[in-house]
Every structure is written in structure tokens, then in C-alpha cells.
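Report on one structure; see the data block that follows.
Read-outs: derived from the displayed coordinates by stated rules, not from any lab. All figures in this text were calculated on a predicted structure; none of them were measured in a lab. Using ideal geometry, Cβ is built from the backbone for each residue, glycine included, and neighbour counts are taken over all protein chains shown.
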Amino acid sequence: MTSPVLAVVGPTGSGKSAVGIALAQRLDGEVVNADALQFYRGMDIGTAKLREDERGGVPHHLLDTLEVTEEASVAAYQAQARGVIEEIRGRGRVPVLVGGSGLYVRAVLDELEFPPTDPAVRARLEAELGADGSQALRERLRAVDPVSAERIDDDRRLVRALEVFEASGRPFSAFMPQRIYHRPAVQLGLRVDRETLRARLADRVHAMVRAGLADEVRRLDGRGLRNGRTASRALGYGQFLQVLDGVLSEEAAVEDTIAAPRRFARRQLTWFRADPRVHWLDVDGPGPPERALDTVAQQVPLS
């Protein structure tokens with residue numbers, strides 16, 4: 001039997017990396033990164049990227065694949081990740097997908113068609129956004145794709161939805177993935193008590209600051225961080241760029257950086273809870289890796 005992809009998902013701070021490594025160690029596996037911000041070289045402290053000596057001897061793939069000035073692409077990631085997974089299977093090992101970037105996880109696991117792009121149309125729409133504001137574009141989107149108009153809450157995706165409609169003649173919402181696995185898969189979701197997660201996230205941010213997050217942001221600023229459409233929006237990095245600019249104090253940046261992951265974690269939970277195929281594990285109980293192994297064994301034969 002072809003080994004399934006094991007996916008470890010859940011909110012930031014829930015311990016996905018540790019569970020993913022434990023699964024890989026026990027099942028002769030290799031980890032495939034599904035955290036979009038860990039693609040970026042140099043974004044180490046603020047993304048909680050594991051150092052080589054923290055990976056338990058387990059090979060990790062698709063870390064440090066982009067410069068901070070480059071924009072992450074779900075379509076490119078899909079091709080890369082699926083290629084890596086086939087290579088892992090070809091070695092007779094088990095692929096373990098680990099990360100909380102929901103759309104990236106689904107791009108690997110599910111049947112997902114990517115809508116076309118048209119840079120000229122996008123440039124025109126971005127100019128119209130600057131001239132007329134988002135409300136005018138939202139009304140236009142509502143007329144052709146009311147589903148997307150209701151879901152989209154930021155200007156970037158608003159422009160993208162209109163670009164897709166003009167380029168394809170199909171609404172952006174028509175390209176949303178179906179819950180049909182591309183290849184056999186088992187998803188394990190890590191669930192953490194809300195107060196425990198809040199404390200973990202606060203502790204994580206303080207640890208990042210002690211480890212040199214401000215210096216990391218300063219170095220990346222010199223490498224073009226501000227010009228990166230994806231990287232510059234990363235939690236913590238935007239806040240500490242404002243510290244460099246004198247807009248925020250370090251104390252205010254820390255508080256904002258603590259609050260932002262809480263909001264992000266709620267969105268992640270909403271995303272993954274909507275998928276009935278996820279097998280949820282309570283992290284607060286004893287031995288999450290052991291219970292993860294038990295769950296996997298119930299779903300697929302492991303020899």
C-alpha cells in the first residue's frame with residue numbers, strides 16, 4: 001500500500017513541530033514544511049523555525065526556499081511539495097506534512113485547481129483601487145461573484161478575485177478546493193485549551209525578543225524585507241519594522257506581537273475545524289505524539 005501523507009495541523013503555538021518530528025522518528029518519515037513564512041531565508045526567530053540541531057535527525061524539506069523580497073505562491077508550492085512527497089515515498093519513507101498555513105496544506109492534500117493570472121489586469125485593478133477605493137471594487141465583485149465578495153476582507157484578495165473573473169470568465173469562488181484528497185492522507189489536528197494557548201503565545205513572543213528578533217528584523221530590512229509583499233506582513237516583523245522607524249516602542253511592538261498571533265490562531269482554528277476529515281488531539285493531555293501514532297494506526301496500516 002502506498003504510504004499516506006500524514007499532516008499535522010493546528011494553530012500556531014500548539015506544538016506541531018514536536019509532534020511531526022516524533023511521528024517521523026517512529027515511522028521512518030521525513031518532514032515537509034507547510035508554514036508559508038518558513039519558506040523565507042533569514043526569517044528564523046520570528047517564525048519559530050527549528051534549527052538543524054532541533055530537528056531530531058529528521059530530514060526537513062521546503063525550508064529557506066525564498067528571499068524575503070519574493071512572493072510566496074501556493075501554486076508553485078503545490079508542485080514543489082507534491083514532488084518532494086513523491087521523492088520521499090520513492091525512498092520507502094513516510095511523508096509528514098507539518099504547518100498551519102491552511103491553504104498551503106489543502107493545496108498539497110486536496111484536488112485544487114489554480115485560477116489564471118494576468119499581470120496587466122492586476123495592475124489596472126490596483127490602480128483603480130488606489131483611485132476609487134475598495135468599496136467600488138467590492139460592489140463590482142458583488143455583481144459577478146457574491147460568494148467571494150462576502151468572504152473577502154482585504155484589498156489584495158479583492159483585486160485577485162476581480163482579476164480571476166476578468167481572466168477566466170469564472171468567479172473566483174468556483175476555484176475553491178473540494179474536500180477530495182489528491183492522494184491518501186491522514187490529518188491530525190492539535191487542539192489546545194484557549195488560556196494555555198494564550199500563555200504559550202505570550203511566552204513564545206518574549207522568547208523571540210530575547211533571542212534577537214529585533215536584530216533579525218534589522219538584518220532583513222537591509223535585504224529588502226519592506227519590499228516583500230508576503231514576508232513584510234509576517235507577525236512580529238511588521239511590528240519591529242515600526243520600531244526601527246521610531247513609530248512604536250519595543251514594549252508596544254511586543255504587546256502587539258502577542259495580540260496578533262492570538263487573532264491568527266483563531267482564524268487557523270476556524271479554517272481547520274471546518275474540515276471534518278481532521279482527527280483532533282488534545283495537546284493538554286499526556287503524550288500527544290503517542291496519541292498521534294495511535295490515531296494514525298487506526299486509519300492506515302503501519303508496518
Could you work out how far apart the two model spin labels at A127 and E113 are, taking each label as a point 7 Å from the Cα in the direction of the beta carbon, and quote it in nm?
3.1 nm
Would you mind checking which residues have amide H under 5 Å from L97's amide H? H placed 1.01 Å from N; only 5 or more apart, or other chain.
L6, A7, V8, V32
When the scattering of the range 148-228 is computed by the Debye formula from its Cα atoms alone, each counted once and equally, what is log10 I(q)/I(0) at q = 0.15, 0.18, 0.25 Å⁻¹?
-1.02, -0.96, -1.04
Hey, could you pull the Cα Rg and Dmax for the range 51-112, both in Å?
12.6, 36
As I understand it, the dipole of the chain uses +1 on the Cβ of Lys and Arg and -1 on the Cβ of Asp and Glu, about the Cα centre. Which of S14, A253, P95 lies farthest toward its positive end?
P95
Can you bin the range 1-94 into rounded, prolate or oblate? Criterion: square roots of the alpha carbon gyration tensor eigenvalues sorted a ≥ b ≥ c, rounded for a/c under 1.5, prolate for a/b above b/c, oblate for the rest.
oblate
FRET efficiency, 1/(1 + (r/R0)^6) with R0 22 Å, evaluated for R156 and Q135 via beta carbons:
0.90
With label points set 7 Å from each Cα along the Cα-to-Cβ direction at F264 and R26, the distance between them in nm comes to 2.8 nm
Take the alpha-carbon centre of the range 155-179, take the same for the range 37-58, and report the distance between them in whole Å.
33 Å
Taking the chain as a Gaussian network, Cα atoms linked when under 10 Å apart, which of G20, G99, G222 shows the biggest mean-square fluctuation?
G222
Work out the FRET efficiency for N227 and A143 from their Cβ-Cβ distance, taking R0 = 45 Å, and round it to the nearest 0.05.
0.85
Say we join alpha carbon atoms closer than 10 Å with springs in a Gaussian network model of the chain; which of L129, L109, L197 then has the biggest fluctuation?
L129
In debye, nearest 20: dipole of the range 119-175 around its Cα centre with unit charges on the Cβ of K, R (+) and D, E (-)?
180 debye
Positive-end extreme of charge dipole, the range 119-175 - chosen from V144, F175, L158 (charges on Cβ)
F175
If I model a spin label at A207 and R179 as a point 7 Å from the Cα along the Cα→Cβ vector, what separation in nanometres do I get?
3.3 nm
Can you give me the P(r) profile for the chain? Cα pairs, bins 10 angstrom wide beginning at 0, each as a whole percent.
6, 24, 33, 26, 10, 1, 0
How much of the calculated P(r) for the range 119-175 lies past 16 Å, in percent of all Cα pairs?
31 percent
Roughly how many debye, to the nearest 20, is the charge dipole of the chain about its Cα centre, given +1 on each Lys and Arg Cβ, -1 on each Asp and Glu Cβ, and no other charges?
540 debye
